[in-house]
Amino acid sequence: MYTHNTSPYQLDTLRTNHTQSLVNAVSTKLYANPIDTTLLSQSLVELRRHLESQLSVAPANDPATATNAIEVLEHILFCWICARAAYADRQHSGDESGSMRFAKYSYIPESCILETIQSTLCLAMSPAGVMAVAKSSIPASLALSTSFVDMPSIHVVAFRVLARLCTRQAADAGVSSVLDAFTRARNALQLRNRFDTLANASFAFAMDFVTAVQAPMTPPSSASTASDSEYDECKMPSTRLAERVLTSALVLINAMVDAHLDVERRLSLRRELLGTSLYKCLKVLEEPCFDHSLAVAEARRFRLTYASDIRLHSSMPISPRNSP
């Protein structure tokens, strides 16, 4: 029990032990076959709430416990993605080979995956946590999840974690891990380039956004002003959800590019991104109905920084071919 006589060292020990016990509670649920998804969900919720609280141990203060937590979360995401990929293989080719290895993970509901990613986001909020997540397979699993997940909330949180890995705190290791993750996604899904899975997911939600916004904005003329506002409120949840997903995807794209100090590298990445469905997505956002959305603000930031980098690059002196 915590008292006024408890030393900081004892308090840190209590935090470490409690965090580790919650991590162990999640880990032990994965041994069963089949997995009891109800118990797993409860354990993941408890872990996530703890990591969000002030009682959680900081990754910098106890790297071992943070690493243990990341390894358990990494295991869940990796095996679940493999289970989804195996299912997709069976659907397309009828090939059953190797598909049963991850079979028990296929029953984990998306709500558990959301809790897993939210816990990952909590751990990635510190520089030490960002680096630990960047060194794991989590970025690749999150990149792949955009093709295997239907729950919009998962897209939002997954993009937030990936964007965290593109901050200056993560330095080159974090950015490289995200770029490598999309390379793995390209190879796994036979995509045209690294960013197709992200851009396609963004564009899909952009179209949902268009559909929601371009729906009739007012009810029949016989309705009152109060009915107008009620009608708009009924329509807004789907609009806001699509905007949240689209905005978080564009935030990730901007963070991924802006984290590079080299202007030529930034230009190269932007050109690569414009070869995907992202360009269609940006064109959709030029519609007047999006003028006040957060997604448009991020789309404009992409265009403005792109134009700025082009001007900066053109003003740079051309280095001699044979420099000393």
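Read-outs: derived from the displayed coordinates by stated rules, not from any lab. Fair warning: this is a prediction, and the values are worked out from it, not measured in the lab. Here Cβ is always computed from backbone atoms with ideal geometry, including for glycine, and neighbour counts include all displayed protein chains.
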(message) Could you derive backbone 3J(HN,Hα) for region 146-158 from the dihedral phi with the Karplus parameters 6.51, -1.76 and 1.60 (θ = phi - 60°), listing whole Hz in sequence and x where the residue is Gly or Pro?
(response) 5, 9, 10, 10, 9, 6, x, 4, 5, 4, 4, 5, 4
(request) Determine ³J(HN,Hα), in whole Hz, for all residues of region 262-270 in sequence, where each value follows from phi through the Karplus function 6.51 cos²θ - 1.76 cosθ + 1.60 and θ = phi - 60°; x replaces Gly and Pro. (result) 7, 5, 5, 5, 5, 5, 4, 5, 5
(message) Just to be sure I understand the model, the point goes 7 Å from the Cα along the line to the Cβ. What's the resulting Glu287 to His18 distance in nm?
(response) 4.8
(request) Subtract the Cα-Cα distance of Asp262 and Arg49 from 0.36 nm times their separation in residues, and report this length gain in nm to one decimal. (result) 72.8 nm
(request) Per residue of region 275-286, in order, report the coupling 6.51 cos²θ - 1.76 cosθ + 1.60 (Karplus, θ = phi - 60°) as ³J(HN,Hα) in whole Hz, putting x for Gly and Pro. (result) x, 10, 5, 4, 4, 4, 4, 5, 5, 4, 6, 7
